[in-house]
Amino acid sequence: MHKRVVGTDGSHASPGFEDAGPFGIPGHAPIDASRFWAARSSPPQAQALAGAPHASPPHGSPTASFSTDDFPEQDRVAMWRECFGRMALRVEIEPTEERPFEACLTSQTLPGLHLLLSKLPAARITRTRELIADGNDDFFFVVNRTGSMAVCARGGEVLLREGDALLMSADEVTVFERRSGGETLLLRIPRSILSSLVVDIDAATMHRVARQSKALALLTGYSTKLFDEQSPATPQLRHLVVSHVYDLAAFTLDTTHDAAGAAKVRGVPAARLRAAKTYVSENSSRRDLSISTVAAHLGVTPRYLQRLFEADGKTFSMWLLNQRLIRAHRMLCRSQFAEQAVSAIAYGVGFGDVSYFNRCFRKLFNATPRDVRENALK
């Protein structure tokens, strides 16, 4: 169903978070524990996690857990917001209810995989433009285990009821509105891994995965079990566990994202269509890319390939156009491309006519490239 990246040992190539800071978030120095635990001695698991990106929790425990119970009651909101919001999780946290703030967080870090299980009251959680400047472009698979929440990004809103999930990108401004207290499971997976497993991964973001999904149930059950069991004892076993999570996440996204097309395109035709989409995704910046080019690469006729795309719901030209526009949108939202002219980005993703690019961009995103850039970089 999905592409597979393997290492020399036959397992998925699963990079670690070499530049990770606390909680596996990249690019940040260790937390100064003394600043946040002055009211009481620092819990040993906090010292371990704050002191080193990959510090093993004490006494062989597979997880590190934190609670507002560790803070003086009058300082809970401020400390949680600064310590676990801005510094560790790289988000702004603002409670939305006038009641005592009670929260807890459990963290589990494996090679190339970071899991977080959090319980929060009603709150607004924002990954702001300022905070996404950390350069983290990994994917987060968000599972709303209990309560109700809405996720806003890319100009749209997705409501997650109990058990629903979605995929989001860490390099986009995102707002989580937890409308009632509840539990959330987060799986952070490197972009390089998930994009190699799921074709058209960017198109799979910000789409609700319904709680009725059996694949989602498997992924959630397997992931939450990792918080309860002893940490895998050997590097080989840890990589195997991570590989299983990768596969389940990709399978969940595949069965959701491709559900409509899969009913029409199956077997060998489905495999050829997937191979075609993979080739297009990897070569969409080529201005000479055409259906004839892709058909020749696959050893089929252009007409046959066109029928496969049409059966999936879009023509080849429309699918290629969307790939280029989505890539341009991501570049316009990222600070490292802020100095590039819109025309340079248009040419870079494969367009040969800037006016045509502007028209198509506005039609798809209901905003001009300049508007998207200005709003993203505010």
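Do we find that Met168 is more than 21 Å from Ser243 (Cα to Cα), of a type outside the set (D, E, K, R) and surrounded by 19 or more Cβ atoms within 10 Å (Cβ to Cβ) in this structure?
Judged against the criteria, Met168 is not a match.
Are there any pairs with C-beta distances below 8 angstrom linking a residue in segment 281-309 that is hydrophobic (A, V, I, L, M, F, W, C) to a residue that is outside any helix (DSSP H, G or I), with the two at least 6 apart or on different chains, and if so which?
Short answer, once both residue conditions are applied: Leu289/Gly350; Ala295/Thr301; Leu308/Val265; Phe309/Thr315.
What do you reckon, is Thr146 among the β-branched types (Val, Ile, Thr) and more than 19 Å from the chain's Cα centre (by Cα)? Please lay out each step first, then the result.
Details: among the β-branched types (Val, Ile, Thr): yes; more than 19 Å from the chain's Cα centre (by Cα): yes.
When the stated conditions are applied, Thr146 passes them.
Mind counting the residues in segment 275-315 that are in contact with a Lys or Arg (Cβ under 7 Å, 6 or more places away or on another chain) and within 17 Å of Leu325 (Cα to Cα)?
Number of matching residues: 2.
Which members of segment 65-98 meet the condition of being part of a helix (DSSP H, G or I), surrounded by 18 or more Cβ atoms within 10 Å (Cβ to Cβ) and of a type outside the set (A, V, I, L, M, F, W, C)? Break it down stepwise before answering.
So in segment 65-98, the residues part of a helix (DSSP H, G or I) come out as 68-70, 73-89.
Still in the running and surrounded by 18 or more Cβ atoms within 10 Å (Cβ to Cβ): 68, 70, 76-77, 79-81, 83-85, 87-89.
Correct list: Thr68, Asp70, Arg76, Arg81, Gly85.
Results for (1) farther than 30 Å from Ala150 by Cα; (2) surrounded by 12 or more Cβ atoms within 10 Å (Cβ to Cβ); (3) within 17 Å of the chain's Cα centre (by Cα), shown as yes or no for each residue.
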site	(1), (2), (3)
Leu197	no, yes, yes
Asp200	no, yes, yes
His207	no, yes, yes
Leu219	no, yes, yes
Lys225	no, no, no
Asp228	no, no, no
Pro232	yes, yes, no
Pro235	yes, no, no
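I'd like to verify a number: residues in segment 320-336 that are over 17 Å from Asn358 (Cα atoms) and surrounded by 17 or more Cβ atoms within 10 Å (Cβ to Cβ), how many? Explain how you work it out, then say what you get.
First, pick out the residues of segment 320-336 that are over 17 Å from Asn358 (Cα atoms): 334-336.
Add one more test, that the residue is surrounded by 17 or more Cβ atoms within 10 Å (Cβ to Cβ), and what stays is 334.
So the count comes out to 1.
If a residue has to be at pLDDT below 90 and of a type in the set (S, T, N, Q) to count, how many in segment 186-231 make the cut?
Residues meeting the conditions: 6.
Say whether the condition of being buried (at least 18 other Cβ atoms within 10 Å of the Cβ), more than 22 Å from the chain's Cα centre (by Cα), at pLDDT 85 or above and part of a loop (DSSP other than H, G, I, E, B) is met by at least one residue in segment 351-368. It would help to see each step written out before you state the result.
From segment 351-368, those buried (at least 18 other Cβ atoms within 10 Å of the Cβ) are 351, 357, 360-361, 365; that's our starting set.
If we keep only those that are more than 22 Å from the chain's Cα centre (by Cα) too, we end up with 351, 357, 360-361.
Filter again for at pLDDT 85 or above, leaving 351, 357, 360-361.
Those still in the list that are part of a loop (DSSP other than H, G, I, E, B) too: 351.
Yes, the conditions are met somewhere in segment 351-368.
Condition check: without any contact (Cβ under 8 Å) to a residue 40 or more places away in the chain, buried (at least 17 other Cβ atoms within 10 Å of the Cβ) and hydroxyl-bearing (Ser, Thr, Tyr). Does Ser213 satisfy that? Spell out the reasoning first.
Details: without any contact (Cβ under 8 Å) to a residue 40 or more places away in the chain: no; buried (at least 17 other Cβ atoms within 10 Å of the Cβ): yes; hydroxyl-bearing (Ser, Thr, Tyr): yes.
Considered against the rule, which asks whether it is without any contact (Cβ under 8 Å) to a residue 40 or more places away in the chain, buried (at least 17 other Cβ atoms within 10 Å of the Cβ) and hydroxyl-bearing (Ser, Thr, Tyr), Ser213 comes out as no.
In segment 314-336, how many are at pLDDT below 85 and polar (S, T, N, Q)?
Counting residues in segment 314-336 that are at pLDDT below 85 and polar (S, T, N, Q) gives 2.
One line per residue, one yes/no per condition, for (1) under 24 Å from Pro111 (Cα atoms); (2) touching a strand residue (DSSP E or B) at 6+ places or on another chain (Cβ under 6 Å); (3) hydrophobic (A, V, I, L, M, F, W, C):
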residue	(1), (2), (3)
Ser148	no, no, no
Leu185	yes, yes, yes
Leu194	yes, yes, yes
Ile201	yes, no, yes
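So which residues in segment 118-158 are among the hydrophobic types (A, V, I, L, M, F, W, C), in a strand (DSSP E or B) and modelled with pLDDT under 90? Before the answer, list the steps.
Step one: filter segment 118-158 for residues among the hydrophobic types (A, V, I, L, M, F, W, C), giving 120, 122-123, 125, 131-133, 139-143, 149-153, 158.
Among the residues that remain, those that are also in a strand (DSSP E or B) are: 120, 123, 125, 139-143, 149-153, 158.
Of everything in segment 118-158, just one residue is among the hydrophobic types (A, V, I, L, M, F, W, C), in a strand (DSSP E or B) and modelled with pLDDT under 90, namely Ala153.
If you take the residues in segment 237-267 that are part of a helix (DSSP H, G or I), of a type outside the set (Ser, Thr, Tyr) and at pLDDT below 75, which one is surrounded by the most Cβ atoms within 10 Å (Cβ to Cβ)? Show your work before the answer.
Applying the first criterion (part of a helix (DSSP H, G or I)) to segment 237-267 yields 237-257, 259-262, 267.
Filter again for of a type outside the set (Ser, Thr, Tyr), leaving 237-242, 244-245, 247-251, 253-254, 257, 259-262, 267.
Of the ones still in play, those that are also at pLDDT below 75 are 257, 259-262, 267.
Details: His257: 20, Ala259: 10, Ala260: 11, Gly261: 18, Ala262: 14, Gly267: 7.
Among those residues, the one meeting the criterion is His257.
Can you say whether Glu102 is among the acidic types (Asp, Glu), over 17 Å from Gly147 (Cβ atoms) and assigned by TED's automatic domain parsing to the domain that holds Ala170, as far as the supplied structure shows?
Numbers: among the acidic types (Asp, Glu): yes; over 17 Å from Gly147 (Cβ atoms): no; assigned by TED's automatic domain parsing to the domain that holds Ala170: yes.
Criteria not met by Glu102.
The values are calculated or read from the model by the stated rules, or taken from the named source; none is laboratory data. What you are looking at is a predicted structure, and each value in this text was computed from that prediction instead of being measured. Positions of Cβ are generated from backbone atoms using ideal geometry, with glycine treated the same way; all protein chains shown enter the neighbour counts.
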